[in-house]
Amino acid sequence: MEKKLYKDGSHSLPAIIQGGMGVAVSNWQLARAVSRKGQMGVVSGTALDTVLIRRLQDGDADGAMRRAIAAFPCQKIGQAVLDKWYSSETRPVDKPYGLKPLPDIAMARREVELTILAGFVEIYLAKEGHEGWVGINLLEKIQMSILPTLLGTMLAGVDAVFVGGGIPVSIPPILSAFSRFEPAELKIHVQGASPEKDTRMHLNPAEYLPVYRARLSRPRFFPIVSSEVLAKSLVRKLGDAVDGLVVEHHRAGGHNAPPRRDQSYGPKDEYEPSRIAALGKPFWLDGGKASPEALQAAIATGAQGVQIGSAFACSEESGILKNIKNATIQAYLDGALKWVTDFKASPTGYPFKRVQFKGYADADDERPVCNLGYLRHAFEDAKGQIAYRCPAAVKKLFYAKGGDSKEAEGKICLCNSLLATVGLGQVNPDGSKRRPLLTLGEDLSFLDHLLSPPKLTYTVDDLIAYLTGGVPDATGI
Ligand SMILES: Cc1cc2nc3c(=O)[nH]c(=O)nc-3n(C[C@H](O)[C@H](O)[C@H](O)COP(=O)(O)O)c2cc1C
């Protein structure tokens, strides 16, 4: 379906946003299926470089990675990545994946190129063959890859940028600079650094794509917020640079915002949609909104619509391994699913919503040497140099770098576990596989409407038809 046009030539915004879900749960296939129905498909921007090189090491069976790389504006970069990572043979199941260097502030040119390319590939494929909306989802806390990922996705014509897990005031200037094909910069949080020290990463598009001189279209910018206070402060600070807001409730899957008080959510964590509406920006309500009634109720509050994650994560097109998806859905039907808002698991320090059920190998306090590094924290060491540590890595190493034992308690290596959930997990040195970890929102009642047992699957088309009563335009937009 084409994007609907207003009389002034601008495009109308969709009522349903498929939330970005990392790592590679909302991959290009899922986002494309949603966008083709006229709604907003969103690709996860987390760890796309590793996702790309693992798909290449797995032989790129359907040729999609190589097709997208062939469309990248600098073939020298594409070819170098293929030469290093592509294998035409199927990888033996007990062979560990080759690893790239961990992301850091002084990222080598080759790694910047890989990350630009990886962002391009995922959006290029999600946009292939239609004119619908395609967005990218970034986590503000995963800073090292933000600049190259944004450039890569803008080269592929990404329509919207969603940023959660922080206060994303630094993003709009980057979008403006890249749209003019000019250098951009990002201030990096360095723990323990004195306030006068200002650490920034820089990226000049012309340095990486010297023969490419086109202006890029500036994607819309949609921060993901969890409180009226943050929504108001972003709109006040950024004004017109905010194109709309996604307002998340702590029922949602993935990371949740920390509660305003102690370790449990209460009335102070609720928001009033009319106060968000008063900010005058389009907004979408998020968290447990996967029903036609919730969509209509959201619109009645003045919202543009809803953002939905779990219902798309459980659909056929998502990246979650089929056996995990089926077992989870069966456990839901059996009443055997347990939800935990885990306040300790995530190295980000944010609560993380886990689902667990008997017999399901859920990753726990399994501590590797950090070999992916997306959630490492940059800190200033005793010599005043910038160093990195992850509270989910081997404790001895974390403590040796001055890490606090309380911070390390209960942490899970999300990078490795989440890659295992989508079938891209690493093989351990003893030949065993990394264990997966699953996150879903607390309300899965959409399954009662979408499944016709014994069939445990449904498609994006089924879901959108259910949400919109079979007629996308019935949303009233
Ligand atoms: C499997 C999964 C992974 C998620 N990963 C991310 C993420 O990487 N970034 C993000 O902003 N939100 C993430 N979310 C949250 C979703 O984008 C969405 O906001 C949320 O799922 C909506 O609530 P619902 O699950 O009740 O529909 C994730 C959710 C799920 C279910």
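The values are calculated or read from the model by the stated rules, or taken from the named source; none is laboratory data. Please read these numbers as outputs of a predicted model, since none were measured by experiment. A quick note on method: Cβ atoms are made from the backbone with ideal geometry, for glycine too, and the neighbour counts reach across all protein chains shown. Side chains included, ligands, DNA and RNA excluded: accessible areas come from the protein's heavy atoms. Shrake-Rupley method; radii C 1.70, N 1.55, O 1.52, S 1.80 Å.
Looking at 406, 411, 383, which is the one that is at pLDDT below 95, part of a helix (DSSP H, G or I) and of a type in the set (D, E, K, R)? Reasoning before the result, please.
On the way: 411 fails: part of a helix (DSSP H, G or I); 383 fails: part of a helix (DSSP H, G or I).
Only one candidate qualifies: 406.
Would you point out the residue of segment 290-320, among those that are open to solvent by 40 Å² or more (accessible area, probe 1.4 Å) and not hydrophobic (A, V, I, L, M, F, W, C), that is farthest from the ligand (Cβ to nearest atom)?
302
Considering segment 42-83 alone, what residues qualify as being within 16 Å of the ligand (Cβ to nearest atom) and of a type in the set (Gly, Ala, Ser)?
Applying the first criterion (within 16 Å of the ligand (Cβ to nearest atom)) to segment 42-83 yields 42-51.
Of everything in segment 42-83, those that are within 16 Å of the ligand (Cβ to nearest atom) and of a type in the set (Gly, Ala, Ser) turn out to be 44, 45, 47.
I'd like the residue in segment 256-289 that is crowded, with 22+ Cβ neighbours inside 10 Å and not in a loop (DSSP other than H, G, I, E, B) and, out of all such residues, is farthest from the ligand (Cβ to nearest atom).
Filtering segment 256-289 for residues that are crowded, with 22+ Cβ neighbours inside 10 Å and not in a loop (DSSP other than H, G, I, E, B), the one farthest from the ligand (Cβ to nearest atom) comes out as 276.
If we keep just the residues of segment 327-344 that are assigned to a helix (DSSP H, G or I) and out of contact with any helix residue (DSSP H, G or I) (no Cβ under 7 Å at 6 or more places or on another chain), which is surrounded by the most Cβ atoms within 10 Å (Cβ to Cβ)? Step through it out loud before you land on a result.
Step one: list which residues in segment 327-344 are assigned to a helix (DSSP H, G or I), which gives 327-333.
Now drop any that are not out of contact with any helix residue (DSSP H, G or I) (no Cβ under 7 Å at 6 or more places or on another chain), which leaves 327-328, 330-331, 333.
Numbers: 327: 16, 328: 24, 330: 15, 331: 18, 333: 15.
In this case the residue turns out to be 328.
Among the residues of segment 435-449, which ones are aliphatic (A, V, I, L, M) and surrounded by 20 or more Cβ atoms within 10 Å (Cβ to Cβ)? Break it down stepwise before answering.
Going through segment 435-449, the residues aliphatic (A, V, I, L, M) turn out to be 437-438, 440, 444, 447.
Selection gives 437, 438, 440, 444.
Across segment 279-300, what is the number of residues that are at positive phi and either more than 25 Å from the chain's Cα centre (by Cα) or polar (S, T, N, Q) (or both)? Reasoning before the result, please.
Going through segment 279-300, the residues at positive phi turn out to be 280, 287-288.
Cutting the leftovers down to either more than 25 Å from the chain's Cα centre (by Cα) or polar (S, T, N, Q) (or both) gives us 280.
Residues that pass the stated criteria total 1.
I'm trying to understand the selection: among the residues of segment 87-114, which are under 15 Å from residue 65 (Cβ atoms) and outside any loop (DSSP other than H, G, I, E, B)?
114
Looking at segment 223-241, which of its residues are part of a helix (DSSP H, G or I) and under 17 Å from residue 265 (Cβ atoms)? Before the answer, list the steps.
Of the residues in segment 223-241, the ones part of a helix (DSSP H, G or I) are 228-241.
Across segment 223-241, the qualifying residues are 228, 229, 230.
Here's a check for you: in segment 253-265, which residue that is touching a Lys or Arg at 6+ places or on another chain (Cβ under 7 Å) and in contact (Cβ under 8 Å) with a residue 12 or more places away in the chain is farthest from residue 437 (Cα to Cα)? I'd like the intermediate steps shown before the answer.
First pass over segment 253-265, keeping only residues touching a Lys or Arg at 6+ places or on another chain (Cβ under 7 Å): 253-254, 256, 260-261.
This time we only want the ones that are in contact (Cβ under 8 Å) with a residue 12 or more places away in the chain, so: 253-254, 256, 260.
Working: 253: 12, 254: 11, 256: 16, 260: 26 Å.
Only one residue tops the list, namely 260.
For segment 224-239, enumerate the residues that are free of Cβ contacts under 8 Å to residues at least 24 places away in the same chain and of a type in the set (Lys, Arg).
Within segment 224-239, 236 is the sole residue that qualifies.
Of the residues 106, 15, 71, which single one is under 30 Å from residue 308 (Cα atoms) and not polar (S, T, N, Q)? Please lay out each step first, then the result.
On the way: 106 fails: under 30 Å from residue 308 (Cα atoms); 71 fails: under 30 Å from residue 308 (Cα atoms).
Answer to the check: 15.
Considering only segment 412-434, I want to know if a residue exists there that is more than 16 Å from residue 97 (Cβ to Cβ) and open to solvent by 20 Å² or more (accessible area, probe 1.4 Å). If you could, list the steps in order and put the result at the bottom.
Looking only at segment 412-434, we keep the residues that are more than 16 Å from residue 97 (Cβ to Cβ), and these are 412, 414.
Those left that are additionally open to solvent by 20 Å² or more (accessible area, probe 1.4 Å): none.
Checked segment 412-434: no residue is more than 16 Å from residue 97 (Cβ to Cβ) and open to solvent by 20 Å² or more (accessible area, probe 1.4 Å).
Across segment 35-58, what is the total count of residues that are more than 16 Å from the chain's Cα centre (by Cα) and assigned to a helix (DSSP H, G or I)?
First pass over segment 35-58, keeping only residues more than 16 Å from the chain's Cα centre (by Cα): 35-39, 53-58.
Restricting the remaining residues to those that are assigned to a helix (DSSP H, G or I) gives 35, 53-57.
Of the residues in segment 35-58, 6 are more than 16 Å from the chain's Cα centre (by Cα) and assigned to a helix (DSSP H, G or I).
Hey, can you tell me all the residues within segment 167-183 that are in contact with a strand residue (DSSP E or B) (Cβ under 7 Å, 6 or more places away or on another chain) and either among the small types (Gly, Ala, Ser) or within 16 Å of the ligand (Cβ to nearest atom) (or both)?
Selection gives 168, 170, 171, 177.
What number goes with the only condition from (1) over 19 Å from residue 412 (Cβ atoms); (2) within 14 Å of the ligand (Cβ to nearest atom) that residue 324 does not pass?
(1)
In segment 436-454, is there at least one residue being farther than 30 Å from residue 289 by Cα and either outside any helix (DSSP H, G or I) or modelled with pLDDT of 95 or more (or both)? Break it down stepwise before answering.
Taking segment 436-454 first, the residues farther than 30 Å from residue 289 by Cα are none.
Looking for residues that are farther than 30 Å from residue 289 by Cα and either outside any helix (DSSP H, G or I) or modelled with pLDDT of 95 or more (or both), one finds none in segment 436-454, hence no.
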